[in-house]
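Report on the following structure.
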Amino acid sequence: MTNVIKSDSLTVKQIRSACALLDWSQEDLARKMNVSVRTVIRMSAGLPVSAFTMESVRAVFEKVGVRFIKHGIRLIE
């Protein structure tokens, strides 16, 4: 199984890193994305999720200053 979640180019590692950087649990991320915890668990396992979910995760992180770069993440303050 690959770590690429969707053609959107976000990886499981990037999402986990962003959560760790912000000290967010899966429950925190689900609440901020307005999705179920099960959806976040699927995404964290590298299973396919909808394009809407991928847009939502990117938007939630970018809103608080996390930027996804080619091989990682960056916090913009």
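Can you tell me which residues in the range 49-75 are under 14 Å from residue 35 (Cβ atoms) and either of a type in the set (A, V, I, L, M) or part of a loop (DSSP other than H, G, I, E, B) (or both)?
Within the range 49-75, 49, 50, 51, 54, 57, 59, 60 meet the criteria.
(1) in contact with a Leu (Cβ under 8 Å, 6 or more places away or on another chain); (2) open to solvent by less than 40 Å² (accessible area, probe 1.4 Å): which one isn't true of residue 39, the others all being true?
Answer for residue 39: the failing condition is (1).
Name the residue, out of 41, 73, 69, that is among the β-branched types (Val, Ile, Thr) and free of Cβ contacts under 8 Å to residues at least 12 places away in the same chain.
Numbers: 41 fails: free of Cβ contacts under 8 Å to residues at least 12 places away in the same chain; 73 fails: free of Cβ contacts under 8 Å to residues at least 12 places away in the same chain.
Unique residue meeting the criteria: 69.
The values are calculated or read from the model by the stated rules, or taken from the named source; none is laboratory data. Not measured: the values here are computed from a predicted model. Neighbour counts run over all protein chains shown; Cβ positions are idealised from the backbone, glycine included. The accessibility values were calculated without ligands, DNA or RNA, using every heavy atom of the protein model including side chains. Shrake-Rupley method; radii C 1.70, N 1.55, O 1.52, S 1.80 Å.
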